[in-house]
Amino acid sequence: MNEKVQEKLKILADAAKYDVSCASSGNNRSNVNGGIGNAVACGICHSFTDDGRCISLLKILMTNHCIYDCAYCINRKSNDRPRATFTVQEIVDLTIGFYRRNYIEGLFLSSGVIKNPDYTMERLMLVTKKLRKEKRYNGYIHLKAIPGASPELIRAAGLYADRLSVNIEIPTEQQLKHLAPEKDYKGVIQPMNQIAEGIQVYKEERKKFRRTPVFTPAGQSTQLIVGASPESDRQILLLSSNFYHEQQLKRVYFSGYLPVNDYDKRLPALKAPPLVRENRLYQSDWLMRFYHYRADEILTPEQPFLDLDIDPKLAYAIRNLHLFPVDINKADYEMILRVPGIGVQSAKMIVDARRFRKLNTYHLKKIGVVLKRAQYFITANELPSALRHWEPERLRSHIIYESHTKNRKPGDTQLSLFAFTPPHQTPALQVHYKN
Amino acid sequence: MPYMIYDNSFEGFLTTVFECYAQKIVPIDICRERDFQEVLFAEKMNIPSDEQKADRVWKALRMKLHTRNNELPFLAFLSEEDGIEMKLYRFMKRVFESSYSIETDFGDRDVLDLKKIERQVMRETMRILQFVRFQKTKDGLFFSPIEPRYNVLPFTIKHFKNRFADQPWLIYDIKRDYGIYYNLKKTEEVVLTEKGFDGRNGKIKSEILEESETTYQVLWKNYFDNINIKERKNLKLQRQHMPQRFWKFLPEKAPV
């Protein structure tokens with residue numbers, strides 16, 4: 001370990017940081033014959049960078065040389081950047097050294113394409129093989145499958161890695177042609193299908209033979225860049241929903257487009273990455289994976305983009321006010337899960353707890369339901385406080401207004417030019433007292 | 001209606017519960033010896049801990065509880081929160097007396113609170129798995145200091161033993177002054193009389209540090225700084241996931 005490795009690590013970590021995936025979950029690989037490492041199914045994050053993202057894996061590129069010239073990528077051929085290449089041994093030493101000190105949960109290895117896809121894929125595969133066979137390393141390995149690599153190499157990589165991923169980056173074929181002329185859509189989808197099939201075959205054979213070699217036990221994932229091309233949120237969500245169902249993907253990651261190559265006229269000029277949009281997409285992704293929503297429920301054809309002011313679950317509830325209010329003490333789990341302000345954990349606790357007694361809002365609050373949002377959508381064994389007939393549009397602005405007032409400071413009274421005007425308040429009921 | 005006082009240990013607490021049943025006592029409060037404040041007019045009882053009695057209570061409790069909640073009373077006890085004993089006592093009483101399982105009755109304050117406290121303690125256990133950072137010494141030992149909020153080090157043994165099966169390691173709880181040592185065969189509890197590390201930030205003295213250790217720490221810090229995306233800076237989120245109280249042990253965060 002010398003100056004050269006320090007410098008290489010600097011360059012290649014910097015080049016890898018735009019890959020969002022850093023999950024180390026999904027597999028319980030155990031440590032065999034006194035080797036080093038194991039994988040924990042829930043995944044462990046070992047550190048968090050200043051941008052709040054977790055570091056679970058040592059995420060590096062093998063090399064940032066690349067023969068391609070994709071418009072959205074910082075490592076494109078035509079960029080003038082410092083370039084470096086790790087040798088297989090260097091990566092292995094770094095991984096083991098960090099792993100033994102409990103800095104990381106495993107290795108995330110990606111690469112720019114050098115010479116041709118096959119050559120690159122083979123080098124990636126060699127690193128994993130060396131780790132598994134020579135070092136008896138049983139920790140987590142996430143490997144990028146290079147689009148266009150031969151099926152045999154991808155198959156071999158899947159036998160050593162825990163997770164494989166192919167980045168689709170641009171959601172539609174037409175835009176991909178436009179921004180990355182050397183890549184083709186089929187080349188991306190083909191390895192994805194192959195991995196999906198491999199996992200399926202493994203699962204079937206495992207039922208018959210106990211010693212079937214394990215193939216990508218933690219599944220596969222992919223990544224989409226958001227905001228580099230004009231696709232709508234609906235297109236993105238339908239695509240990712242398709243991935244979850246057809247290719248059985250474990251995760252689809254969204255990466256808000258950072259204007260890394262702002263000289264390229266094919267790309268939009270952005271001042272800041274679209275972080276809110278990215279967040280709303282992730283929220284929708286969660287709705288699909290944990291809340292049993294379908295993609296076409298989250299966004300209808302009339303409304304192709306997500307509402308940036310309110311989260312998609314709330315937006316769904318406001319669009320479908322006829323489904324509410326939900327009776328907390330009677331409704332089924334699926335319906336309780338659809339109430340804004342109630343998460344998976346709270347919903348499960350509610351279903352468990354209501355077998356013993358009728359729950360009211362006090363109980364809900366203690367359980368951890370966000371009543372601020374939920375109060376408009378539930379009845380709970382008592383006279384409803386905030387329930388009345390709401391027009392969807394007014395309820396929306398009311399909730400936004402309420403959520404803003406929380407952070408408003410006492411002296412903060414100056415109106416901004418485009419300030420939101422509070423909705424009209426219904427006057428309090430006149431009460432007459434008898435003297 | 002006396003105050004029951006026990007000797008700070010879980011065993012002592014279980015014995016107290018046993019005595020409550022045996023002598024038909026309804027306690028006002030169950031207190032640790034350490035935290036007990038003298039009272040003038042109330043009756044008080046000192047309960048010496050008794051292994052057999054504690055064992056009987058523990059076995060009965062485990063028989064009644066769902067496997068998922070087997071460790072719940074112990075984990076909640078480890079939190080050492082104010083009033084945790086009475087919560088546990090009332091919970092155990094309900095468990096023993098009802099003919100059906102009441103562990104998911106989250107409308108009940110005690111059950112809900114215990115569940116929440118258990119979650120908190122489990123989270124602290126997870127944080128040890130996350131933020132332990134080993135330093136290698138000249139004789140090949142991997143040493144890590146840690147200062148968890150609760151006494152949860154024993155819960156992490158299995159994880160580290162499975163993971164680092166081929167390296168000797170020592171994880172030392174600085175706050176409670178004991179550690180777990182693994183010598184490639186089995187783990188044991190140790191107390192260091194002569195400390196080869198800085199008591200404040202757990203840094204091993206440079207005489208016994210292996211040469212390559214600093215290189216790795218610099219490499220790691222290097223990596224940590226370069227994987228960050230500056231345009232997305234969000235320090236609040238970082239602190240939320242990685243509480244500042246752990247920073248002094250992390251090579252990537254500790255001041256050089």
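Coordinate-derived values only; no laboratory data. Keep in mind it's a predicted model, so treat the numbers as computed, not measured. Glycine also receives a Cβ, built like all others from the backbone with ideal geometry; neighbour counts cover every protein chain displayed.
Here are a few things to note about the model shown:
- Listed cross-link partners A:Lys135/B:Lys158; A:Lys8/B:Lys203; A:Lys250/B:Lys158; A:Lys365/B:Lys253; A:Lys135/B:Lys116; A:Lys144/B:Lys221 are compared with a 30 Å cut-off, the Cα-Cα value being larger for A:Lys365/B:Lys253; A:Lys135/B:Lys116.
- Separation of the A:Glu391 and B:Ile28 label points, Cα + 7 Å toward Cβ, nm: 6.2
- Helix B:109-131 and the longest principal axis of the C-alpha atoms of chain B enclose an angle of approximately 20°.
- Hypothetical label at A:Thr87: residues of region A:5-22 whose amide nitrogen lies under 12 Å (7 Å Cα-Cβ projection): A:5
- Cα Rg, Dmax, region A:95-174, angstrom units: 13.6, 46
- Residue list for region A:154-182, given a label point 7 angstrom along the Cα-to-Cβ vector of A:Gln200 and an amide N cut-off under 16 Å: none
- Acute angle (nearest 10 degrees) that the helix B:51-64 long axis makes with the longest principal axis of chain B, alpha-carbon atoms: 90
- For region B:102-152, the percent of C-alpha pairs falling in each 10 Å distance bin, counted from 0 to the bin holding the largest distance, reads 22, 31, 24, 13, 8, 2.
- Dipole size of region B:1-69 about its Cα centre, with +1 on Lys/Arg Cβ and -1 on Asp/Glu Cβ: approximately 500 debye, rounded to the nearest 20.
- Calculated on the alpha-carbon coordinates, the convex hull of region B:3-124 measures out at 108 cubic angstrom per residue.
- Exposure proxy shown here: for A:His245, A:His363, A:His142, the number of other Cβ atoms within 10 Å sets the order, fewest to most, as A:His245, A:His363, A:His142.
- A dipole drawn for region A:3-298 from +1 and -1 charges on Cβ atoms has a positive end, and of A:His65, A:Ser47, A:Ser241 the residue lying farthest that way is A:Ser47.
- Among A:Thr212, B:Thr156, sorting on how many other beta-carbon atoms sit within 10 Å of each Cβ, with the fewest leading, yields A:Thr212, B:Thr156.
- Take each residue of peptide B:231-242, count the partner chain Cβ atoms within 10 Å of its Cβ, and average: the result is 6.
- Taking the empirical scaling 2.2 N^0.38 Å for compact globular proteins as reference, chain A has a Cα radius of gyration ratio of 1.15.
- Whole-Å semi-axes of the ellipsoid equivalent to chain B (Cα gyration tensor, √5λ, descending): 41, 21, 18
- Taking only the Cα atoms of region B:132-249, the radius of gyration and Dmax are 15.7, 48 Å.
- Arranged from fewest to most other beta-carbon atoms within 10 Å of their beta carbon, A:Arg206, A:Arg163, B:Arg133 become A:Arg206, B:Arg133, A:Arg163.
- 0 to 90° range, to nearest 10: angle between helix A:117-129 axis and chain A longest Cα axis: 90
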